[in-house]
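Below: the structure, in structure tokens.
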There are 2 protein chains.
Amino acid sequence: MLNYSQCFEIVENRLSALSFERNPVELYQPVKYILSIGGKRIRPCLAIMSHSLFSDTVEPVIEPALGIEIFHNFTLLHDDIMDNAPMRRNSPTVHIKWNQNTAILSGDAMLILAYQLISRTKIDVLPKVFSLFNKTALEVCEGQQLDMNFEKLSDVTVDNYLEMIRLKTAVLIAASLATGGVTANATADDINNLYQFGLNIGIAFQLQDDYLDAFADNHQFGKTIGGDIVANKKTYLVLSALQTADKNLINELKYWISEKKTNTDEKIKAVKSIYERLNIPARTKDLTHKFFSTGLEYLTKVKVADNRKDPIIQLLTQIMEREH
Amino acid sequence: MLNYSQCFEIVENRLSALSFERNPVELYQPVKYILSIGGKRIRPCLAIMSHSLFSDTVEPVIEPALGIEIFHNFTLLHDDIMDNAPMRRNSPTVHIKWNQNTAILSGDAMLILAYQLISRTKIDVLPKVFSLFNKTALEVCEGQQLDMNFEKLSDVTVDNYLEMIRLKTAVLIAASLATGGVTANATADDINNLYQFGLNIGIAFQLQDDYLDAFADNHQFGKTIGGDIVANKKTYLVLSALQTADKNLINELKYWISEKKTNTDEKIKAVKSIYERLNIPARTKDLTHKFFSTGLEYLTKVKVADNRKDPIIQLLTQIMEREH
């Protein structure tokens, strides 16, 4: 069975071996670029580690796992256009470095390249992998649409938000883990438990991201604190605050999140202080922990020897413990 | 064996049966819209007619054929953003009717929906259909990239142009016909001949479009004559003119195609007169006819009774004779 750093190495090597030195270069260079500017490769590694729960011969999972990673990067590329984001992983986004049309078209090509890798799944499990991938890819688009809708809505609830992150983030983590089960010929029960495991930890990851954006240790986190607050992004923190606060505090919070010209440090400080008064940091950690534990319960149900699960648990713990 | 209008009816009925009444509506309404504003459904009909050369049971080709039609509409949706086109089939384009982000994301969803239909191909031919579709989809993106590159290049040759339309237009016609062969379990030779047949007639279709844009009978063609001339689009007509003309005429043509403020009627008249002096209309018709005949030769090689080919030949003749 393989640990995260072994899986990471496999993914990096196999991604590098995909040649994007093709014509027209304007189409393929951005694909090469976005795959080269880093990323933790969590999804393909989880797919490989999941397969590796059942079998030490991981070759059958590699190509679908790479397909999932390329799909994930395709979503980043197109989301960055839609969100007008100038930077990704400390590098300029594709639509900034090249232009918007290039970002649209190279993104399209990446989605097709993702399917090309999926198509190389061994034939006995291809229909299952293919159909799970289709369902998931569509759900990710639905999640992105909901996220865009939320920008214009004033009455988004915490439940709406959890449904959005389930679609936008969690289903792809879930599908990665389930795909590893499918390629290893696991039972339907095991595959379903892996999927539910992924769904819950996927939501936990996003809640943790929301928390860290406001409350991370600046030095360790490596990006500016309070980005979501400045952008008036509807995160779990703000939606939960609006749902908990009394009328006065709601008005105070609304004042800050409608404010545009304010000194951003002042705004971040004010909004964080409201969060703290409402005990939002602890509530967020609790909910994150709840999803994380529920996820682990599903992993427990997967019928393989406990020690085979150690590498996955180790990786997840590492992710969940960052900054704490 | 089925004729075009029978195939058209199947495609329309089956497209209508696909339910896009799903949430979020902002994602699926544009998909429903672009599929509802018409189109001749040439590609799925050719796939069905191709299958129908070999077998009267056409069900196995329907879903991949619909996948190809949805893919084609996806390319229109994204190309219209990239080309900044306000109208498509006499209706506003998706990025105009909704907005650009919606057009990007709904297009992405359509590409996934196309694959969802491809995934329903019967298992014994799924790998072949899937891999042909992947290759073709990527080539269509390459063609669109070349088309965009050409806008900024001053030395595009007729050969460059033919390669671009091969990728942007012809390979999808070719793949439609080949897919029909694959789903009908045709021999490798027959499938290859169907593909080459489609490639050649696909190029002929585009050359004919170029010709009609400038020289169609206005009443019959139903759209403004000279749109490509006004837009300074690098079509076969202009590239062939630039390659044939003497220095004086090249300068005259270059004057018109660099001119921006001119009265458009005057410009169209001037450019068409240059084309006529260079005998471009006849040259274009000749080349179109050459590709069309080459295509038909490949169809002749397909080993089924000649009368089974009648519906396809009838449809193609109808397409090639419009306006003449």
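Rule-based calculations on the coordinates, nothing more; no lab input. On a predicted model such as this, the values are computed, not experimentally measured, just so you know. Glycine also receives a Cβ, built like all others from the backbone with ideal geometry; neighbour counts cover every protein chain displayed.
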Proxy reagent accessibility, fewest Cβ within 10 Å first, across B:His78, A:His51: B:His78, A:His51
Long-range amide H partners of A:Arg88 with built H, under 5 Å: A:Thr93
Angle between chain B longest axis and helix B:25-36 axis [Cα atoms, degrees, rounded to 10]: 80 degrees
Extent along principal axes [Cα atoms of the range A:245-324; Å; largest to smallest]: 56, 25, 18
Label 7 Å beyond Cα on the Cβ vector: B:Tyr255 copy-to-copy distances, nm: 7.0
Nitroxide proxy distance, nm - points 7 Å out along Cα→Cβ at B:Ala17 and A:Lys135: 2.2 nm
Those trypsin sites (Lys or Arg not before Pro) in the range B:220-324 that DSSP places in a loop and that have at most 13 other beta carbons within 10 Å: B:Lys223, B:Lys260, B:Lys261, B:Lys303, B:Arg322
The range A:162-182 versus the range B:104-178: alpha-carbon centroid distance in Å: 29 Å
Sorted by Cβ density within 10 Å, fewest first, the residues A:Thr187, B:Thr235: A:Thr187, B:Thr235
C-alpha long axis of helix A:42-54 to longest principal axis of chain A, angle in °: 50 degrees
Cα-based Rg / Dmax (Å) for the protein assembly as shown: 27.5, 83
Peptide B:115-127, shielding by other chains (average Cβ, 10 Å cutoff): 4
Calculated [θ] (222 nm, deg cm²/dmol) that DSSP helices of n ≥ 4 give over chain B, each run adding -39,500 (n - 2.57): -24000 deg cm²/dmol
Unit Cα scatterers, Debye sum, chain B: log10 I(q)/I(0) for q = 0.08, 0.09, 0.13, 0.15 Å⁻¹: -0.39, -0.49, -1.00, -1.28
Modelled label reach - B:Ala282, point 7 Å along Cα→Cβ, the range B:228-244 residues with backbone N closer than 20 Å: B:236-244
